[in-house]
Structures are given as structure tokens and as C-alpha cells.
1. What are the pairs, 6+ residues apart or on separate chains, where a residue within the range 73-84 that is within 13 Å of the ligand (Cβ to nearest atom) and assigned to a helix (DSSP H, G or I) has its Cβ under 7 Å from a residue that is of a type in the set (D, E, K, R) and at pLDDT 95 or above?
2. Suppose we filter Val140, Val149 for residues that are among the aliphatic types (A, V, I, L, M), within 16 Å of the ligand (Cβ to nearest atom) and either under 20 Å from Gly47 (Cα atoms) or in a strand (DSSP E or B) (or both); which single one remains?
3. What are the residues in the range 24-52 that are crowded, with 20+ Cβ neighbours inside 10 Å and touching a strand residue (DSSP E or B) at 6+ places or on another chain (Cβ under 9 Å), if any?
4. For the range 120-153, how many residues are free of Cβ contacts under 8 Å to residues at least 24 places away in the same chain and over 18 Å from the mean Cα position of the chain (by Cα)?
5. If only one of Ala71, Ala37 is at pLDDT 95 or above, over 16 Å from Asn164 (Cβ atoms) and among the small types (Gly, Ala, Ser), which one is it?
6. For the range 92-115, what are the residues that are among the basic types (Lys, Arg) and in contact with a Leu (Cβ under 6 Å, 6 or more places away or on another chain)?
7. Looking at the range 37-70 only, could you name the residues that are basic (Lys, Arg) and either more than 13 Å from the ligand (Cβ to nearest atom) or under 10 Å from Ile99 (Cα atoms) (or both)?
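The values are calculated or read from the model by the stated rules, or taken from the named source; none is laboratory data. Everything quoted here is computed from the prediction, not taken from an experiment. All Cβ positions, glycine included, derive from the backbone under ideal geometry; neighbour counts span all protein chains shown.
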Amino acid sequence: TPVIGVLALQGDVREHLIALASADAVARPVRRPEELAEVDGLVIPGGESTTISKLAALFGMLEPLRERVRAGMPVYGTCAGLIMLADKILDPRSGQETIGGIEMIVRRNAFGRQNESFEATVEVAGVGPVEGVFIRAPWVESVGAATQVLAEHGGHIVAVRQGNALATSFHPELTGDHRMHELFVDMVRAAR
Ligand code: GLN
């Protein structure tokens, strides 16, 4: 059984732990480099990307995270987690750094403010239609040649994959549908 961590600095960690367990993984929170070293894959949750970025720097996690992603550890980012996996943010807040790993440029809060959050059915390549929960969600402005677009909504890219890195603008951990987590657990199994 693959052991999958959830980066537990800020955000909806608990929901991801539950979704991963339902998708037949052993799931545990990861806060420190020693804990990161022990997992086969990592989820970066939704939350606030500036806060996650600053806490990752404070906890000495930014470099270890970059190293493991560079080395091919499977990683899945939702919403703020997608932002953390972007090689470039269009409008970063000052001091906001990313882990990177996916060749893409993202726009934060692209779909509007908190009260403009919405749900929509999104067709995800290889998965099928999933209920997308968008909360102050980013979209992917553009991708590099190596990045595969898995889904679009309203003409904007909302799900991508590059090698072992997967990212969605929306939050499958907030629905009862665990197919996105199952896809990720399969990626982790294949990488082991
Ligand atoms: N707007 C948030 C950010 O920039 C992301 C929101 C979310 O993760 N639901 O980090």
C-alpha cells in the first residue's frame, strides 16, 4: 500500500487524508523534512497559497519539497496546491515562492472572489465528468510543451499533468467522489 503525505502547513488537510484513505492509500500529515522523506507521494491541499508558501519557507520545507518533486516524487496539488506547483505565478504576492514542477503560468483568484465560488461539472481526460468545486480558484493561463491539459472550464485550463505532477483548480477532496484521488494513488503505485 502506498504511503501518501498531505502537506499539513495550512488548508484542507483533513479532507485530503480522508479521500486518500478511501482511495486505498495510507495517508499521513507531513510538516517536516523527516516526514517528507518517508512518503511515496504528496498532496498539497487547497487553502491560501501565500500562507502555505511562507510556512513552507519557515519550516525549512521549500528546498526539500523542490528536491523531491525534481526527483520525480508523485505530487498532486488542488487549488492553492496547484499554485504551489506552478513554475510561474502571474501576480505573486511579495515573498510568495512556489515549489514548481509543472511548466505553467497560473493566475490566482482568476474565477473571482470568495462569494463567486461555484460548482460545475468538469470533463477530466481519462477520468470522466467530475463535480468541480471552485473556491477563489486559480486557472492556468498557459502551459509548456511538456504539460498535458486534462480539463478546461469556460475556455480556461483547470486540470493539468506533467509527468508525476498532477494539479486541479478545483477541490475533489470536498466531494464524496474519490476518482481524482484514485488516479493519483495509481500514479504513486506506478512510480514505486
Ligand atoms: N485563492 C487561493 C490562493 O491564492 C486559493 C483558494 C483555494 O485553495 N481554495 O491561494
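1. That search, which allows pairs on different chains as well, returns Ala80/Glu48; Ile83/Arg108.
2. Just one listed residue meets the conditions, Val140.
3. Residues satisfying the conditions are Ala25, Ala27, Val30, Val39, Gly41, Leu42, Val43, Ile44, Pro45, Gly46, Ser49, Ile52.
4. Adding up the residues that qualify gives 2.
5. Ala37
6. Residue satisfying the conditions is Arg107 alone.
7. If we filter the range 37-70 for residues that are basic (Lys, Arg), which is where we start, we get 54, 66, 68, 70.
Result: Arg66, Arg68, Arg70.
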